Each structure stands twice: as C-alpha cells, then as structure tokens.
Amino acid sequence: MGQRITVDPVTRIEGHLKIDVEIENGVVKDAWSSGTMARGFEALLTGKDPRDASYVTSRFCGVCFSVHQMASAACLDDAFGAQVPDGGRIMRNLLMGTEYLYDHIIHFYHLTALDYLDIMAIAGYSGNDAGLNAVKDKIVSLVKRGDTYPLTPRYEPDQWSVADPEIVTMAVAHYLEALKIQVTAKNMGAMLGGGRVPHYQGIVVGGVTQIPNAEQIGRFKSMLDEVVAFIKNVYMKDVLLLGGPGGPLFELAKLGVGGGHYNYLSYGAFPEDASGKNMYFKPGVVRNLNLNKVEAFDQAKVTESVKYAWYKEKAPVHPYDGEQIFDRDKAGAYTFVKAPRYDGMAFEVGPLARMIVEKNPTLLSLVEAGAKPGAVARHAARMIETVALADQMYVWLGQLIEAAGNPGFKIHDGDHWEVPESADGAGFYEAPRGALGHWIRIKGKKIENYQCVVPSTWNASPRDENDVRGQYEEALIGAPVPDPENPINIVRVIRSFDPCLACAIHIIDPGTNQIRKFRIG
Amino acid sequence: MTSFRNISRRDFLKFCAGTASILGLSEAAVPRVAKALEGAARKPAVIWLEGQDCAGCTISFINSSHPGTAELVLDTISLRYHESLMAAAGHASEKALRDTIKEGGYVLIVEGSIPAEDPRFCQVGGVNFIDTVKEAAANAAAVIAIGACAAYGGIPGDCPTPGRGMGVGEAMEKGLVPRKPLINVPTCPVHPERMIGTIVYYLLYKKPPPMDKIGRPLVFYDKLIHDNCERRGHFDNGEFLTDWNSSEQRNWCMYLKGCKGPFTYSDCPKRRWSDGLNWCIGCSAVCQGCSEPEFYAGMSPLYDRTKEIRGYKVETIGAVATGVVAVGLAGHFIGQAMTGRLGKGGPPEEGGDN
C-alpha cells in the first residue's frame, strides 16, 4: 500500500478540483479526480424560453464563455431549423477564433508557466536588457519587502524546473506582456460583435447580432496583427525553446509524463461552408494512438456513467437519456463529474486530440524527434493550433470583407427567430480545451430538457462502470513524485489539460424526479 | 532605483490617474490617490475567494488596461489567496489563506455564490465554502462581492436544487456569515474598472463608497441604462430594431427584442466594456439586466419585451404606433420612479470630488 496524498485545491485552473493520488516507489500508482462544486444550470433552463439558452450557457464558464454560446446557438439553430447566412457563419468563426487566441495565451503564461520556472532565478540575471532588468528589479524588490504573493508560496522547483536566469527573466517579462496581449485578443472579439468579454452577447440562434462596419474591420485587422506578432515571435518561440528538441523540458516530453489512455476525440469546429460538414478543425476519433485509422465521430456512441458520481445510480446511457438526480450521500462516489465514454472507452479531448486527429505535421515531427503524448506535448499542440488558427483568421477576415461589400450581406436568419412548438436539436463544437456538445428538447415552446457534455467532463471524469479511470486519473499513473511534500508533477500533468471544472459540473435535476427520455437523433 | 514603487513611478502615477478617472475624481485628486496607496507601510492584503463561480469575474478582472492588472496585483495589493492566479496549490495555498485570516484586517473579495441549501455543493480544500466565507469574513475589514452571483445569487440563485446559490448579503442577513461592511459590485461578469475602482476607493478612504439601498456604489450604478442609452432617441421616435440584417435599423432601440435597459441601473452606456470598444447594446445584443438582483430569473424571457419588473411598467411602449410621445414620457417616468427607490442613498460624497 503506497502513500496517499491530496492536492486540493488544484489552483490556476477554472473551477474547483481535488486530486488524490497513491504513490509507491516515487511514482503515482493510482489516482482519483474530484470535481467539488455544482451549480445547476440545466435545471434552471427547464421551462424557460429556448432562446435564453445561448445567453445563460455562456455562463457555464467565464474562460470559454463564447464557445458555450456558440455550441448552444448551433444546438438552437438545429432545433429551430435556422440557416445561418454566410456573413453570420464567418463572423462566428472570427469570434470563436479570438477566444482561442486569448485562451491559449493565458493558459500557457498565466496558468501553467509557473510549474516549469524557478522564478527566484531572476535574481541571477546579469544581462543588459533594460526591460528584463526592470522585471528583475520588480521581482527582487518584492522579495526584499517580504511580500511575494501571489508568486509564493509555491511547490519547490525540481530537476525539470528551468533555472537559467536569462530564460526565466525573459519568461516572466513575457508573462507580463502576455497579460496585455490577451486583453487585445479579447477586445477584438468584443469589438467585432461579442459586445464585451467575458460572456459575449452577440451570438444568437440564427447568426449574430452586429453588422460590422469598416472601421471595426480595419481595427480588428490591426489588433490581429499585434496578437499574431506576439503568437509567432514570443509564444511559439517560448514553447519551442522550453519544450522543443534540445529544450530543457524535452526530456520530460520524451518520458511521456502525463500520457493517459491514448484515445483521442474531436468533434470538429469552424464550419467553412453552409453545410457545416467542411470544418477547419476536422472531426474524428483515434484509438490507442493508431494514426492509420481515423474514424468518423458518431454522437450515438456517447454515453455517461454515474457510478462514481454523486447522482442516483443508473446504468450508462446516451446524454439524451440522462437521468439526473443528486445523491450527495452515495457510497463510493467521489465527484460531481459524470464519466462520458465513447463506444465504451475513455477518451482525451482538447488541442492534443485535435492535432492527433488531424495528423498535424508539426506535431508529428515532434513525435518523430522522440516526444510522446503527455503534459509537454499538450502545451506544444496548443501552441501549434494557435499558430495555425492565427493564419486562418486572416482568411476569414478576407471572406468577411468580401461578403460585407455584397448588398445581400446577411448576419442572421430572421425567419427562424420564433420558437418552434416542439423540436429537438444538437450542437457540437470544439472549445479551446476540447469537444463540446449541447442538446435541447423543446416542448410547448419551452425548454423541456437541456443537456451538455463538455470537455472537462471527458478529461476530468471519474472511473466508469468497468472501473476504467478517467483521463486525468490515467494520465497521472507513473508520474514521478520523488518527494510527496512537493508533488509538482501532479499539477503539471493536470494543468496541461487546461481544466475547466465549472463547465464540467452543471447538470442537476430540478427535483421532480421525473425521468426524461429522449430518442437519439 | 531602490523602492519598487519608484521603478515604475510613471506607470504607478498612470495607475493612480486611471483609478481616479474610474471613480469620477478629477486630475487634481491623483496625488492624493498616489499618497494613500504609497502611504501604507505594507501593501494591503486581499483574499479572493471563488465559490459557485465560472471564473468570469477573474477573467474580466485581468482585462483591465488602465490601470493594468499587473500593476494592481504586483505593486498595489498583496494578493494572498486567489485560486485562479496564485502559484501555490493544495496545502500551501490553504496555509496562505489561514495565515492571512489570522493576521486580519484584509479586504475580502468574493466571486461566485454560496450554496444555500446544502453546503456540500461547493467545497474547496475539503471545507464547505460557506465555512470559509464565514471564517474569512470574521477578520476582514470589508467584503466586496463581485459579479451578479456573489452580490445577489446571479444565475445559480435561480436553481431549484440542493445547491441553490445565494449572495454574500443574503448570507449575512441570515446570520450565516458575520456582518461586515459589504459592497456589491454586480453585473455578469463584474466590470474590471468598477471592481478596481471600488477596491482603490476603499483603500483610499477606509470605508465603503456611497451606495444605493442594495449596496451598489452610486458612482457606477446610479443611472438607468435606458435614460442614458445611445439609442434612446430612437426609442423616443418609436424606431425599434426588428431585423438584425437591416443596416437602417442597426442603431435602433431594441426594446422589442427584449432589452432590459428600462429596468437596469448601471453606467454601461457611458463606461462601455472592453476598453470602451463596445457594450451589449452597442453590438445590438440587448441589455439583460445583469446589475439587478432579479437577474437572471426575473429578467427571463431575455429576448421578449418586458412590460413590468417589480412594479415598474412600460405599458405604453407596446402602443408605439399610436403614441410616440407617450412612449418617451413613459420611459422618463420609469427612470424617475426607479431613482426614487434609491431613497436616502443620496448622491456620491467623495465620488463628487471633482
């Protein structure tokens, strides 16, 4: 029997997460992932006007707010029979694109970089760069004043922590620069039609609400230039410098710490035409890292288990057949997160899954150089897709400029704004952190049931009926924890997924004990 | 360069000027702001707790440009505990929290609601969230509830579930949390300027700013959106947006699309969002009343016109075709009536410094 340790709260993530691990001989032998907060969004949507859903579900999460609004709008489009005009589709692509640009930058610099840097190495910086010296002075003065919050306390640096004063000082300077550039990325979306961030207002069933004017489009372009310059000159280079071949973290990448089940799932996102079938991010399913066989995604194969979650016992069912009655006293349960499975298997979703499903050549070149799927590879995949998306944003912007000059330019399908008497709908998208699905059933012009299966439900899931671990849990197995007092590798692995727990726990029955059954669409 | 505040003196003064402007203070107040912030022997301690939240207020907070987030977090306050931003995790983060609570005298910021029915619906560090708020409020100098959830329960406040969320004020009223000076800074999410302005105001004057009856700083929430909306002229003319594709209608009033501006107090029309680049009504997406205690349930259906909220009616607006002038008068009446409910809150005191 090994030693059991708990990390609670896992900070620098969205939401409340507890991780328990059992350690034997300095490595993780077993792990449990627990989501420890629930709100109940879907319950409050029951009986409401279906058009409310895209506004309210945006509040699942303040980090990936717009993608919930987007998936919800796609779900409503399906239920209402709305045909989003090209102008609306392109605007949605651009708005979603800005979310990726800001979100991935924040994740790397503000949520995870501190796991890999020995910040106090800054004191040793001896270069002549005025900007870096200002950063050094700032941090050193905090130390002198004895008030280094929120940079300390922290887990102690280990053998993989980067302690080179030059690199660390530069990284902290980029941390501060990134704080500003992420605002620019967010402001782009707010200005072009989101209205504000977080929590866009401008994506509704049928399209978007704002007709962009020439000044906004011009300003969007110049802000995009600024953000893309940072992505290519700073973010991309930092990730490659730290985690690319020859970088201090490449050894960690080669060890494949944080691998998991090696099953990858992507729903696809950014529709390139009205059919919605041609997506910029391709949908697909890869099992056991077998890149020779990328399967088509079939939503009918999604089920959710509640065996270890605080819900009344029930066999795994498709989300449409979900019965959601809380049982906070259930023996053996340890989380509010359900356990989604695809074809009965546990899958990883997110940037690494997307880039694997697409067989992205840059990612595959890192694999050829010896990197294995795991924590470092997730950061690399996130950067790779950010760079690709940055280029694609110019393509969509060009399409918008062309379309906006057309007298028939439309952003919204006003013919399908009124709520149908009854309908079912499903909407799928890729949030920055992974595959996102919304389902709705409308009856009597009201929401009868609203269901979501979100990225962090996939990744943060507990064990299922067959006691197969969720992706976080599996990814932790074998992670080195030589010092149980300093389990830095645990948070490295978990944060590499960009956890978003408030999204993952949103499902509550309104207390009617009514079993809602749906057919699979 | 000996003192850290001297390192970026120019940035620091910019920070003070930005804050003064947020609070409606004149340029002349900048040295006073600077003096108050510099005068403290130590940076004031801040504990930031997240309960039933979505981190949207945190994400909004880091949108701040003038003043910038980095200046606030590194130079101005001592952020002892913040789940989303702190380097520490697990036991180390919990220790930082308990040590600061023991020290006392800090500003407590709460983001997210508190489960009202069953405390186990939000646990952090193995402790029910309500118990942490109770413990942290006991030794706090003041509590700032940011966002709709912490202020009035917000969206989780409408959950017919064991976890129903309540705001900090409700928890104080029920005796679940010790009573302390409480400032509500609602909207979903919080506006970064209103939040930073409130923190700095408190640090300057060591007391909450003048507030309305529901605890909102008057400097940010004393005006009805409808009365100050850039589309108000179209309302008065009876010009209502019905088609989002119409370039003619693009700036028309959105009352018929469900705009809750006639029922909502905030300076959004003037302050706008995202560095002033846009706001909800600016992108034709209608106001949803997120600064009001009724948000969300009382504002639903969001995209249908609302005739009445808590006794205030927009009866004549439906009759636009026959009485354009009456519409304008009715709108004005609503503004007057709702201002009246602020009672003795009065105009800002220090806020009227300019």
Hydrodynamic radius by Kirkwood, which averages 1/r over all alpha carbon pairs of the range B:120-213, in angstrom: 14.0
Buried accessible area, chains A and B (both chains, 1.4 Å probe, Å² to nearest 100): 7400
Cα gyration tensor shape for the protein assembly as shown, rounded if a/c is under 1.5, else prolate or oblate: rounded
Protein accessible area in the range A:19-116, 1.4 Å probe - carbon and sulfur %: 46
Separation of alpha-carbon centers, the range A:37-71 and the range B:209-246, rounded to whole Å: 25
Kirkwood-type radius of the range A:285-423, with distances r between different C-alpha atoms, in Å: 19.4
Other-chain or far-sequence residues with amide H under 5 Å of residue A:348's (modelled H): A:263, A:264, A:265
Unit charges at the beta carbon, dipole of the range A:400-466: most positive-side option, A:411, A:460, A:439: A:460
Rounded, prolate or oblate (a/c below 1.5 giving rounded, otherwise prolate when a/b exceeds b/c) for chain A by Cα gyration tensor: oblate
Three-way shape label, the range A:168-266, alpha-carbon gyration tensor, a/c 1.5: oblate
Protein-protein interface of the range A:144-163, residues with accessible area decrease of at least 20 Å², isolated chain reference, 1.4 Å probe: A:145, A:147, A:149, A:150, A:153, A:154, A:155
Pairs beyond 31 Å (Cα-Cα), from B:174/B:206; A:445/B:223; A:186/B:180; A:144/A:254: A:445/B:223; A:186/B:180; A:144/A:254
Neighbourhood charge, 11 Å Cβ-Cβ cut-off, centred on residue A:447 and excluding it, Lys, Arg +1 and Asp, Glu -1: +2
Solvent-accessible heavy-atom area per residue, rounded to whole Å², over the protein assembly as shown at 1.4 Å: 32
Minimum 40 Å² accessible area buried by the other protein chains, the range B:156-179 residues, probe 1.4 Å, relative to alone: B:159, B:160, B:161
Rg(Cα)/(2.2 N^0.38 Å) for the range B:39-120, N = residue count: 1.17
Most to least packed among A:407-415, A:132-140 [average Cβ atoms within 10 Å]: A:132-140, A:407-415
Diffusion coefficient, µm² s⁻¹, Stokes-Einstein with Kirkwood Rh over alpha-carbon pairs of the range B:149-200 at 4 °C and 1.567 mPa s: 108
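The values are calculated or read from the model by the stated rules, or taken from the named source; none is laboratory data. This structure is a prediction, so every number in the text was calculated from the model and none was measured. Every residue, glycine as well, gets a Cβ built from its backbone with ideal geometry; the counts of neighbours run over all protein chains shown. Note: areas computed on protein heavy atoms with side chains; ligands, DNA, RNA excluded. Shrake-Rupley method; radii C 1.70, N 1.55, O 1.52, S 1.80 Å.
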